[in-house]
1. Residues of the range 118-142 being outside any helix (DSSP H, G or I) and surrounded by 16 or more Cβ atoms within 10 Å (Cβ to Cβ), which ones?
2. Of all residues in the range 64-100, how many are closer than 30 Å to THR193 by Cβ and outside any helix (DSSP H, G or I)?
3. In this structure, does LEU34 turn out to be surrounded by 13 or more Cβ atoms within 10 Å (Cβ to Cβ) and either of a type in the set (Asp, Glu) or away from the ligand (no atom under 16 Å from the Cβ) (or both)?
4. Farther than 29 Å from GLU70 by Cα, surrounded by fewer than 22 Cβ atoms within 10 Å (Cβ to Cβ), more than 16 Å from the ligand (Cβ to nearest atom) and charged (D, E, K, R): does that describe GLU100?
5. Can you pull out every residue in the range 211-257 that is β-branched (Val, Ile, Thr) and in contact with a strand residue (DSSP E or B) (Cβ under 6 Å, 6 or more places away or on another chain)?
6. Here is a list: ALA171, ALA220. Which entry is crowded, with 22+ Cβ neighbours inside 10 Å and within 15 Å of the ligand (Cβ to nearest atom)?
7. Which ones in the range 280-307 are assigned to a strand (DSSP E or B) and within 20 Å of the chain's Cα centre (by Cα)?
8. Filter the range 189-217 for residues that are in contact with a Leu (Cβ under 6 Å, 6 or more places away or on another chain) and either open to solvent by 10 Å² or more (accessible area, probe 1.4 Å) or among the polar types (S, T, N, Q) (or both); which is nearest to the ligand (Cβ to nearest atom)?
Amino acid sequence: MTRDSDEEQRDDDLADATVLAQAGHTPDPATGALVPALHMSTTFGRDSENELIGDYMYARHQSPTVEHAERLLARLDRGTDAMLFASGLAAVAAIFETVESGGHVVAPTIMYHGAQNWLRRIESRGRIDLTLFDATDPSGLAEALRIGETSVVWIESPVNPTWDVIDIRAAADLAHEAGAILVADCTVAPPITTRALDLGADLVFHSATKYLNGHSDILAGVLITPEANELWEELRSVRMLTGGVLGAHDAWMLVRGMRTLPLRFERACKSALQIARHLEGHPRLEAVLYPGLESHPGHEVARRQMTHGFGGLLSIRVKGGPTEALEVIRRVRVFVPATSLGGVESLIEHRASVEGPDSEVPPDLLRLSIGIEDPADLITDLDQALSGD
Ligand SMILES: *Cc1c(COP(=O)(O)O)cnc(C)c1O
């Protein structure tokens, strides 16, 4: 038995937190090192028979440090394989590259802005036929589908930045009935809490830039598959031929970040719930949007598909409008006004002005990404920023 299969067998019995804390690594037999090696080589040698010495040839195809990170990610989402890209959007672009010319794609009206911009762009050039559906309408997805024609259904749950919850299992059933595949963007619900493959998704996507890395210091995207099927092989070719592969150093940083993922995510979920409960009913707020609140319309589905926490993302709608919302950002002292999410530091952002005039996001909405600071400091900060004196 090889060392790898020994390791995998051992890993099957262990909790994710245990495997991640040890970076899926037993001491390196060659050196005894506890920290995984960083292999920077882009090219790999051949022996006297002209055979490759190891499993690698050139880093645009595959390389050991990237593969190590992929093995951990595949295990975490209970897939058979994972593929890392240079950013989340590089992975998104690869998926739509596999759609036949003119193929029908369905996606939510409100979703990660960058991914939707890409879909609109390739639609405007005639590459795909795009139908957007309202994720808050229970029959929205069914009506958007074309039986026998739709090839990809893209969903995100919870939906950024309104945190509407899409029922992944129900969406998978509908997509499959129409003959389409379901791709789930689970960036804000990492596999600690949601395993979309278990719920019927055909591919899971995460921007690993966010929770998986968690320290706002690398860009990365990952796809995870339940089986090495034809689509997977095509995605592998797309990554290899378009070169959107993750660099070895960033893969090493990602593994380093993932070692603390369960701890970071648990803390962020706990603080976010505490903050959401504290802010609910605040006289300066129109609404607090967080799937962990019983008042949230997606709470029941969230309880089923977010098994270990409702995430660290919430949004507040400030009474008055965009001027009052921007004034709150001007007054915060602990929250950092910046884009992105899922890092150890808490961020606040006015999405409508970032997304521009086409944005469907309410103009009074502020998105909060809760980090791992002391929650009492975050609550005090929001209270003083909202008090308006
Ligand atoms: C950030 C993000 C992406 C894009 O990922 P990048 O790593 O920034 O390219 C896609 N989907 C969601 C939900 C995101 O938050």
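The values are calculated or read from the model by the stated rules, or taken from the named source; none is laboratory data. The model shown is predicted, which means the values in this text are computed figures rather than measured ones. Cβ placement follows ideal geometry from the backbone for every residue including glycine, while neighbour counts extend to all protein chains displayed. The area values use the complete protein model at the heavy-atom level, side chains included, leaving out ligands, DNA and RNA. Shrake-Rupley method; radii C 1.70, N 1.55, O 1.52, S 1.80 Å.
1. Of everything in the range 118-142, those that are outside any helix (DSSP H, G or I) and surrounded by 16 or more Cβ atoms within 10 Å (Cβ to Cβ) turn out to be ARG127, ILE128, ASP129, LEU130, THR131, LEU132, PHE133, ASP134, ALA135, THR136.
2. Total satisfying the criteria: 13.
3. On the way: surrounded by 13 or more Cβ atoms within 10 Å (Cβ to Cβ): no; either of a type in the set (Asp, Glu) or away from the ligand (no atom under 16 Å from the Cβ) (or both): yes.
So LEU34 fails the test.
4. Details: farther than 29 Å from GLU70 by Cα: no; surrounded by fewer than 22 Cβ atoms within 10 Å (Cβ to Cβ): yes; more than 16 Å from the ligand (Cβ to nearest atom): yes; charged (D, E, K, R): yes.
Criteria not met by GLU100.
5. Passing the criteria: VAL222, ILE224, THR225.
6. Going through ALA171, ALA220 in turn, just one is crowded, with 22+ Cβ neighbours inside 10 Å and within 15 Å of the ligand (Cβ to nearest atom): ALA220.
7. LEU289
8. Restricting to residues being in contact with a Leu (Cβ under 6 Å, 6 or more places away or on another chain) and either open to solvent by 10 Å² or more (accessible area, probe 1.4 Å) or among the polar types (S, T, N, Q) (or both), the top hit is THR209.
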